[in-house]
Amino acid sequence: MKQINLQNLLSIFTKNDEDVIEEKLRETNDLMFFNKGIRGVLNYEYLNEIANNTRSDVYPQIREDVKKNFFNKMFSFIARTDLTDPFIIASTVEDLGKDKVVGSLNELMNFFIELEEYEKCTILKDVIEQVNYQS
């Protein structure tokens, strides 16, 4: 039988409400940011097509800059996520499917390989490994 650690058991009485709320908000924010990054990459082609159709006069000249800025933003959402909580990856995979999550991460990584931003590729590779391991 596993020993009960009384310190951990009684720690719930020493935490104040703000600490509990902050911890729950962090978990919620991590899930929100990870989902936002994955969904953003999934939706990029639709956004690209809309922009091209509505502003075909100027969009082709700025397309690459828009994609770079957009993918950097999606990367920042994914990179800031604390993925040590398996709930975050599990929720996203359950919602979107493993293939879409890994596909989005691979698309993002391939984009940064083209730009030779290998530090970002390393982070994305680690995230892909975590998704594959946890699901």
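Simple rule: put +1 on each Lys or Arg Cβ and -1 on each Asp or Glu Cβ in region 37-117, find the dipole, and look at Asn52, Ser91, Ser104; the Cα lying farthest toward the positive end is Asn52. List the trypsin sites (Lys or Arg not before Pro) within region 74-121 that DSSP assigns to loop and that have no more than 12 neighbouring Cβ atoms inside 10 Å. For trypsin sites (Lys or Arg not before Pro) across region 74-121 that sit outside H, G, I, E and B with at most 12 neighbouring Cβ atoms in 10 Å, the list reads Arg80.
Sorting the segments 49-55, 111-117, 35-41 by their residues' average number of neighbouring beta-carbon atoms within 10 angstrom, most packed first, yields 35-41, 111-117, 49-55.
Each residue of region 63-69 is assigned a 3J(HN,Hα), and the resulting list reads 3, 5, 5, 5, 4, 4, 5 Hz, derived from the Karplus form 6.51 cos²θ - 1.76 cosθ + 1.60 (θ = phi - 60°), x at Gly and Pro. Estimated at 0.36 nm per residue, the fully extended path between Ile123 and Asn29 surpasses their Cα-Cα distance by 31.9 nm. Rounded if a/c is under 1.5, else prolate if a/b beats b/c, else oblate: with a ≥ b ≥ c from the C-alpha gyration tensor eigenvalues square-rooted, which is region 30-134? Prolate, because a/c is 1.5 or more and a/b exceeds b/c.
Read-outs throughout are calculated quantities, based only on the coordinates presented, and are distinct from any laboratory measurement. Not measured: the values here are computed from a predicted model. Neighbour counts are summed over all protein chains in view; Cβ atoms, including those assigned to glycine, are modelled from backbone coordinates with ideal geometry.
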